[in-house]
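*Asks:* Below is one structure. I have some questions about it.
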Amino acid sequence: MDYKKLMQQYQQDIILSLIDLLKIPSVYDEKTSCKEMPFGKNVDKALKKVGELGEKLGFKVDYCDGYATELTMGEGKKLIGIFAHTDVVPAIGEWNHDPFDPIIKDEKLYARGSSDDKGPFVAALYATKALFDANLLKDTRVRIVVGGDEERGSKCLDYYFHKLHKEAPTYGFTPDSDFPLIYGEKGICDFNAKIRIDAPFIHKMNGGLVSNAVIDKFDVYMDNDKKFVKYLKEKNVNFIDNNDHLTFVGKAVHGSTPELGINAALIAFKELGDFYKINELSLLGNKLMDTSGKSFNGYSSSKLLKDTTYCLGIAKYENGVLDMTVNFRYNELVKPAEYISNFDEFFGTKSTHKEPSPYLLYDPNCDLVKTLLKAYREETDDNSEPLTTGGGTYAKHAPNTVAFGALFPGRISSMHEPNEFMPVEDIYLSAVIYAHAIKLLGDL
């Protein structure tokens, strides 16, 4: 079967449908969150748009009480599940264009959500449509579940499976990570660390919107001190003097790879601590720059899931208390409570943590992994081995499911970063791979 030829006629519709969806700023909004719209009005708008598109293409639609939109096509006992999400992280950082006004430039589609995860979702949607249009799937249902809360912990899928008691897929994948395939994911545990700091000349500090992204801007409101400003300039620190406050500038990246970013809050802690001799801030600023935890007895490495990582995603200081949210990702050897305790012992903080999202490991030789790899390799002539990752996906929340694309080997990930993009040719090729993969899964 020539899957490239099969998908060619859908290319224009893929881009037009994707652009339409990308225009919706589907960021969680607590102010408009309610029973009917649990993740706010814009996420709800995006979930409704997914349903409208699904109906137009011939899918049966279930809006799942506003937590997710379920699109189903086909008949039969076997169920192929595809789990994507339409919520996006805030469009932080300096963008070269409106993040919710998609543009194609140099054969790349730029917009928040283009690669995470609206582009891969639309590719999988049309791959499914193409297979049924060509009558290539027999006695098989394909169900695409598009959630609204993946970026904040996946309450959407928890509700879908545990409240609505929806059917588990026979085989499933989530197009929300890397090709060729992810068979293992680190555990994730957000913890909240607090420490009292005696610095009355600092009125307040704040930065960061989500735990799973490096803080790119951090505001410090303090007594005017020309000597400190001069000190920062002499050290070539990247900051903005706004007269009433200073803004330290870093680089936002995904929380699974904090070592690739520049954390503005940690720069502020280091410079304030070193200049004013505030030991607590100096310690945090200097040691937490080591995102692996080696410098503060928080490090572990394993053969399968590799190194621990710590991403400071949210920080605020008020009334003498520094309050930090840290996104901790760990391997199969780690008991997260012990490592958080080590963090507290080293930095003098007191922490509480959410229920961890456990690590995930599939057998690389299982039918699901082997079948998806076959589809990828036959369409790309790339024999890369399957991977493990620090990223957390719906694979942890959906049974019999692994992460499969859509970031190709050698491509630069722009997920959670300013100027997020997805190459147009990668959108098309992803659709080809997904069509091939769904067909093979249906034949198992």
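The values are calculated or read from the model by the stated rules, or taken from the named source; none is laboratory data. This one's a predicted model, so the numbers in the text were calculated from it and none came from an experiment. Positions of Cβ are backbone-derived with ideal geometry, glycine not excepted, and every protein chain shown enters the neighbour counts.
*Asks:* Starting from the stretch 152-174, take each residue that is more than 27 Å from Ala127 (Cβ to Cβ) and list its partners that are surrounded by 20 or more Cβ atoms within 10 Å (Cβ to Cβ) and at pLDDT 95 or above, counting only C-beta distances under 6 angstrom and pairs at least six apart or across chains.
*Replies:* Arg152/Tyr28; Lys155/Asp149
*Asks:* If you go through the stretch 377-397 one residue at a time, do you hit one that is in contact with a His (Cβ under 8 Å, 6 or more places away or on another chain), assigned by TED's automatic domain parsing to the domain that holds Val88, over 25 Å from Phe328 (Cα atoms) and at pLDDT 95 or above?
*Replies:* Checked against the condition, which is being in contact with a His (Cβ under 8 Å, 6 or more places away or on another chain), assigned by TED's automatic domain parsing to the domain that holds Val88, over 25 Å from Phe328 (Cα atoms) and at pLDDT 95 or above, the stretch 377-397 yields at least one hit.
*Asks:* Another question, if that's okay. Scan the stretch 177-197 residue by residue and report those that are more than 21 Å from Gly313 (Cα to Cα) and in contact with a helix residue (DSSP H, G or I) (Cβ under 8 Å, 6 or more places away or on another chain). Reasoning before the result, please.
*Replies:* Restricting attention to the stretch 177-197, the residues satisfying the condition of being more than 21 Å from Gly313 (Cα to Cα) are 178-184.
Once the filter is applied, which keeps residues that are more than 21 Å from Gly313 (Cα to Cα) and in contact with a helix residue (DSSP H, G or I) (Cβ under 8 Å, 6 or more places away or on another chain), the stretch 177-197 yields Phe179, Pro180, Leu181, Ile182, Tyr183.
*Asks:* Confirm whether Ala91 is among the small types (Gly, Ala, Ser), over 20 Å from Val424 (Cβ atoms) and surrounded by 14 or more Cβ atoms within 10 Å (Cβ to Cβ).
*Replies:* Details: among the small types (Gly, Ala, Ser): yes; over 20 Å from Val424 (Cβ atoms): yes; surrounded by 14 or more Cβ atoms within 10 Å (Cβ to Cβ): yes.
Spelling it out, Ala91 is indeed among the small types (Gly, Ala, Ser), over 20 Å from Val424 (Cβ atoms) and surrounded by 14 or more Cβ atoms within 10 Å (Cβ to Cβ).
*Asks:* Checking Tyr221 against (1) part of a strand (DSSP E or B); (2) more than 30 Å from Ala84 (Cα to Cα); (3) touching a residue at least 40 places away in the same chain (Cβ under 8 Å): exactly one of these is not met. Which one?
*Replies:* The failed condition is (3).
*Asks:* A further question follows. Hey, can you tell me all the residues within the stretch 384-429 that are aliphatic (A, V, I, L, M), within 10 Å of Phe179 (Cβ to Cβ) and surrounded by 19 or more Cβ atoms within 10 Å (Cβ to Cβ)? First the steps, then the outcome.
*Replies:* Applying the first criterion (aliphatic (A, V, I, L, M)) to the stretch 384-429 yields 387, 395, 398, 402-403, 406-407, 412, 415, 422, 424, 427, 429.
Right, trim to within 10 Å of Phe179 (Cβ to Cβ) and you get 387, 403, 406-407, 429.
Result: Ala403, Ala406, Leu407, Leu429.
*Asks:* Does the stretch 187-197 contain any residue that is within 15 Å of Lys396 (Cα to Cα) and out of contact with any Lys or Arg (no Cβ under 9 Å at 6 or more places or on another chain)?
*Replies:* Here is the first cut: in the stretch 187-197, the ones within 15 Å of Lys396 (Cα to Cα) are 187-189.
The next check asks that each one be out of contact with any Lys or Arg (no Cβ under 9 Å at 6 or more places or on another chain); those that pass are none.
No, the stretch 187-197 contains no residue that is within 15 Å of Lys396 (Cα to Cα) and out of contact with any Lys or Arg (no Cβ under 9 Å at 6 or more places or on another chain).
*Asks:* Which of the residues spanning the stretch 349-368 are basic (Lys, Arg) and within 23 Å of the chain's Cα centre (by Cα)? Quick ask: steps written out before the conclusion?
*Replies:* Just the residues of the stretch 349-368 that are basic (Lys, Arg), to begin with: 350, 354.
The one that is basic (Lys, Arg) and within 23 Å of the chain's Cα centre (by Cα): Lys354.
*Asks:* Where in the stretch 135-215 are there strands (runs of 3 or more DSSP E), lying fully within it, with 1 or more residues that are in the same structural domain as Phe346 (by TED's automatic domain parsing), of a type in the set (Val, Ile, Thr) and under 24 Å from Tyr299 (Cβ atoms)? Quick ask: steps written out before the conclusion?
*Replies:* Details: elements: 140-147, 171-174, 182-185, 187-196, 202-207.
Correct list: 187-196.
*Asks:* Could you list, in sequence order, all residues of the stretch 364-397 that are within 26 Å of Thr257 (Cβ to Cβ) and of a type in the set (D, E, K, R)?
*Replies:* Residues satisfying the conditions are Arg377, Asp382, Glu385, Lys396.
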